[in-house]
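A.B. asks: Dropping the structure in here first, questions after.
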Amino acid sequence: MDHTILPQTRRELLSMIGKAGGGVAMYQAMTALGHAAETQFSGPPALAGARKGASVLVLGAGLAGMLAAHELTKAGYKVQVLEFQDRPGGRNYSIRGGDKVVETDGTVQDCNFAPGNYLNPGPWRIPHHHRTLLHYCKALGVELEPFIQLNHNAFVHRTKAFGGKPQRYREVATDFKGHVSELMGKALNAGSLDDKLTKEDKDKLLVAMREWGALDKNMAYTGDLKVASQRGYDRAPGGGVGGAPTPSAVNNLSDTLSSNVWTQMGFFFNYVMQTTMFQPKGGMDMIGKAFFKQVGKLVRLNTRVTAIAQNDQGVSVSWEDTKTGQKGVAAADYCVCTIPATILNQIDIQVGPAMKAALKALPYSNSVKIGLEMKRRFWEEDYSIYGGHSFTDQAISLISYPNNNFFKDGSAVLLGAFAGGAGGYQLAGMTPAQRIEAALVQGSVFHPAEYRKEFASGVAFAWSRAPWIMGCCATWTEESRAAHYQNLCALDGRIVLAGEHASYYGCWMEGALLSSLDAITRLHQRAQAA
Amino acid sequence: MMMNQMLRYGSLAFGVAALAATVALRAQDAPGGGPTAVEVSGEGKEVYEQICQACHMADAKGGGGAGAVIPALAGNPRLADKDYPTVILLKGRGGMPWFSDILTPEQMAAVLTYVRGHFNDYQDPVTVADIERVTTASPPVPDCNCTQ
């Protein structure tokens, strides 16, 4: 520590930064660029003046399909929508008490949640820069509330770290930052990086490490009260004669590293994961319901598409009513098809080989979400956790706490699993009851005294077993994008595809909407040119 | 011994990197905890139960409903040619992803042997050499309407 070299005062540092100059201009330039890059959405499409009598058949009443129906109707088209399920929304979906969930083998789950409780098995959080979705939420009157993405007081758990005991994110994140800063300080002061840095930058970096890492005057991460002001106290600050706080003891570097906490710290830096995030009040399907309010009279539910044909005159789609067995053919001038590739690649569709090849080159990801209704909000009452996620390396990957009705008495639904990859397959392969049991076993690690005791009922949604999609989201690779993406998006005769699979925002509602707007804009141009 | 340990460590490190890439590629809205510690068994029956039956079902009869199905593996005559399921496992087909980033060649050989022998009556095993041979030959994914 004898070799510690630091600018002595904040003023010295500021003066050093000032000498660099040009900062304001640079900042303004960056802000302008950042704003321009935020979204490709430039407002709803100004489609108008459809030819008299022109018609469009939309397949699928998910967000892409209903947005297409909404905007094309406004543009003057006669629109009809066919939907396989008995509800609109597609993956924009919430499961509530009284709902039935049917799987590909016919297994049925009855959801027994109390009124007001729900699980969002699909999309559940909306980034603040998903402007298209936010635009339509506002336009259609969907009330949004904050989605608590980052909660410092939630837990991080790894089976082989800290003897399997969950750690508060705040503590391990502060420790990680502190130890890394201390090491960086040592390397700087030992001159190890002198050939990489100017003297000025080295001095700034030392200040940064000391302040960012909560290091002491000797550039050590010690667990003093300064550290406690970030990672918390053994005895919290109080009032009066016994008010003095006691700092908490820091974890050593090795234990801190074993937590892998950098994966969460890095996760929260992802563009689509940054605060502020939102969710609709009352369930994600409020968005689908709001679109349905606009276009519901155009939608035929319970309608399975069996063949899609086209010729010079128009498009004809054969369908079958899943309840009555009635068969029919719907005809229109054009078709916007939002059926997921997993289904569409098995339907007789009259499109060229390039689009067919694209549809067959799109594997879908898997995902399992499990909603656990608990009799009381023990995470709030006993742990001071209000929203956010506790992470684990078990199959469930996380549990996530509800973002609504804070401090209320009565039951609430925890997200008991958000599993993908091998863990997702493992859970999906179980019966619904086995999945819920696994979620209780694994989630108990965070709240051992309460988890089973307060459990009331659960619902476990496995995307790979949802008959209407048989997967979660389209999975592109660089190679498949290069080979097939343009062919998937291109208008094929009178048919255009839309949905998250036809976007670079795969798996997000924003992608479905942007894809839909692009598809109908091109379709409209084609129709006007005909 | 030393060399062995290094090799094992090397392959472990590679495995973690591959898994991380899988998570990133396969789900844009990810849980955020990084790769899980979930380990897939080396035994064919267990690989089937832990991975395959998520879609193909415990009885390997598949399922569906929306005018499309996840094909049955039980009693499937196309599995007579062991290269047929092998190339699909390596490359995916239709809505099914490739599993070369979740399963090792040993696990793929074991589960293919199990599926062909248990749910069908093709008793000749699929070996790691078979997996490597098909990987190297890299035949195109069999075309289909993906129902079988």
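We did not get these values from a lab; they are worked out from the coordinates using the rules stated. This structure is a prediction, so every number in the text was calculated from the model and none was measured. Glycine also receives a Cβ, built like all others from the backbone with ideal geometry; neighbour counts cover every protein chain displayed.
A.B. asks: Taking beta carbons within 10 Å but only from partner chains, what does the mean come to for residues A:421-434?
C.D. replies: 6
A.B. asks: Here's another thing I want to ask about it. Taking each residue in A:99-106, count the Cβ atoms of any other chain within 10 Å of its Cβ, then average. What number comes out?
C.D. replies: Mean shielding by partner chains, rounded to a whole number: 3.
A.B. asks: Once R0 is set to 22 Å, what does the formula 1/(1 + (r/R0)^6) return for the Cβ-Cβ distance between A:D255 and A:H152, expressed as a FRET efficiency to the nearest 0.05?
C.D. replies: Numbers: r = 19 Å, r/R0 = 0.85.
It comes to 0.75.
A.B. asks: Here is a further query. Work through the residues other than A:N311 whose Cβ is under 14 Å from its Cβ and net out their charges, Lys, Arg +1 and Asp, Glu -1. Could the numbers behind the result be given before it?
C.D. replies: Numbers: positive: A:R494; negative: A:D312, A:D333, A:D492.
Residues near A:N311 contribute -2 overall.
A.B. asks: For A:G314, which sequence-distant residues (separation of 5 or more, or a different chain) have an amide H within less than 5 Å of its own amide H, given hydrogens modelled in the peptide plane?
C.D. replies: So A:G314 has HN proximity to no qualifying residue.
A.B. asks: For the ranges A:194-204, A:219-229, what's the packing order if you count other beta-carbon atoms within 10 Å of each residue, average per peptide, and put the highest first?
C.D. replies: A:219-229, A:194-204
A.B. asks: Follow-up. Using θ = phi - 60° and the Karplus relation 6.51 cos²θ - 1.76 cosθ + 1.60, list the HN-Hα couplings for region A:206-214 in order, rounded to whole Hz, with x at every Gly or Pro.
C.D. replies: So the J values, rounded to whole Hz, are 5, 5, 4, 5, 5, 6, 5, x, 6.
A.B. asks: Now for a separate question. Rounded to the nearest 0.05, what FRET efficiency is calculated for A:T431 and B:E106 with R0 set to 30 Å and r the Cβ-Cβ distance? Could the numbers behind the result be given before it?
C.D. replies: Working: r = 28 Å, r/R0 = 0.95.
Efficiency at R0 = 30 Å is approximately 0.60.
A.B. asks: Taking the Cα centroid of region B:45-112 and of region A:222-250, what is the distance between the two, rounded to the nearest whole Å?
C.D. replies: Value for the Cα centre distance between the two parts: 56 Å.
A.B. asks: Which GluC sites (Glu not before Pro) does region A:369-448 hold that lie in a coil by DSSP with at most 16 other beta carbons within 10 Å?
C.D. replies: Numbers: sites: A:E373, A:E380, A:E381, A:E437; in loops: none.
Those that pass, being in a loop and sparsely packed, number zero.
A.B. asks: Here's something else I'd like to know. Restricting to DSSP loop positions (anything but H, G, I, E, B) with no more than 13 other Cβ atoms inside 10 Å of their own Cβ, which trypsin sites (Lys or Arg not before Pro) remain in region A:300-404?
C.D. replies: Filter output for region A:300-404: A:K323.
A.B. asks: Next question, about the same structure. Can you run phi through the Karplus equation (6.51, -1.76, 1.60; θ = phi - 60°) for region B:33-49 and list ³J(HN,Hα) in whole Hz, with x for Gly and Pro?
C.D. replies: x, x, x, 7, 8, 4, 10, 8, 5, x, 9, x, 4, 6, 4, 4, 5
A.B. asks: Given a cut-off of 21 Å, name the pairs among A:K78/A:K138; A:K177/A:K217; A:K52/A:K74; A:K360/B:K45; A:K52/A:K356 whose C-alpha atoms lie farther apart than that in the structure shown.
C.D. replies: A:K78/A:K138; A:K360/B:K45; A:K52/A:K356
A.B. asks: In addition: Which of the trypsin sites (Lys or Arg not before Pro) found in region A:34-114 are in a DSSP loop and have at most 14 neighbouring Cβ atoms, other than their own, within 10 Å? Provide the component values of the computation, followed by the final result.
C.D. replies: Numbers: sites: A:R51, A:K52, A:K74, A:K78, A:R91, A:R96, A:K100; in loops: A:R51, A:K52, A:R91.
Sites meeting the loop and neighbour criteria: A:R51, A:K52.
A.B. asks: Could you work out the local net charge near A:G410, counting Lys and Arg as +1, Asp and Glu as -1, over the other residues with Cβ closer than 10 Å to its Cβ? Working shown, then result.
C.D. replies: Numbers: positive: A:K375, A:R376, A:R377, A:K408; negative: A:D409.
Summing Lys and Arg as +1 and Asp and Glu as -1 gives +3.
A.B. asks: Taking the Cα centre of the protein assembly as shown as origin and charging only Cβ (+1 Lys, Arg; -1 Asp, Glu), how large is the dipole, in debye to the nearest 20? Display every interim value, and only then the final one.
C.D. replies: Details: 63 positive and 61 negative charges, 324 e Å.
The dipole magnitude comes to about 1560 debye.
A.B. asks: Still on this structure, please answer the following. If the cut-off is a Cα-Cα distance under 12 Å, which aspartates and glutamates reach A:K202, setting aside same-chain residues fewer than 8 apart in sequence?
C.D. replies: Output for A:K202: A:D194.
A.B. asks: Would you mind working out the magnitude of the charge dipole of region B:41-148 relative to its Cα centre, with +1 at each Lys and Arg C-beta and -1 at each Asp and Glu C-beta, to the nearest 20 Debye? Mind dumping the intermediate values first?
C.D. replies: Values: 8 positive and 13 negative charges, 60 e Å.
Here region B:41-148 has a charge dipole of around 300 debye.
A.B. asks: Would you please give the residues with an amide H less than 5 Å from that of A:C337, counting only those at least 5 places away or on a separate chain, with H modeled from the backbone geometry?
C.D. replies: A:L59, A:V496, A:L497, A:A498
A.B. asks: Provide a whole-number value for the mean count of partner chain Cβ atoms within 10 Å of the Cβ atoms in peptide A:255-264. Walk me through the numbers on the way to the answer.
C.D. replies: Numbers: counts 0, 0, 0, 0, 0, 3, 1, 1, 5, 3.
The mean count of partner-chain Cβ atoms within 10 Å per residue comes to 1.
A.B. asks: Let me ask another. Quick one, can you get me the convex hull of the C-alpha atoms of region A:168-259 expressed as volume per residue in Å³? List each step's numbers first, then the result.
C.D. replies: Working: hull volume 9.2 nm³, N = 92.
Looking at region A:168-259, the number lands at 100 Å³ per residue.
A.B. asks: Still on this structure, I have one more. Can you find, among A:L150, A:S516, B:G94, the residue sitting farthest towards the positive end of the charge dipole of the protein assembly as shown, where Lys and Arg contribute +1 and Asp and Glu -1 at Cβ?
C.D. replies: In the protein assembly as shown, that residue is A:S516.
A.B. asks: Now, a different point. Can you give the Rg and Dmax of the protein assembly as shown based on its C-alpha atoms, in angstrom?
C.D. replies: Final numbers for Rg and Dmax: 27.6, 88 Å.
A.B. asks: Multiply the residue gap between A:L197 and A:K453 by 0.36 nm, knock off their C-alpha separation, and tell me the result in nm, one decimal place. It would help to have the intermediate numbers written out before the result.
C.D. replies: On the way: separation 256, 0.36 × 256 = 92.16 nm, distance 5.73 nm.
Stretched fully, the A:L197-A:K453 segment lengthens by 86.4 nm.
A.B. asks: Moving on. Rounded, prolate or oblate, given the Cα gyration tensor of region B:28-148, with a/c below 1.5 counting as rounded? Display every interim value, and only then the final one.
C.D. replies: Working: a/c = 1.34, a/b = 1.11, b/c = 1.21.
Judged from the Cα gyration tensor, region B:28-148 comes out rounded (a/c under 1.5).
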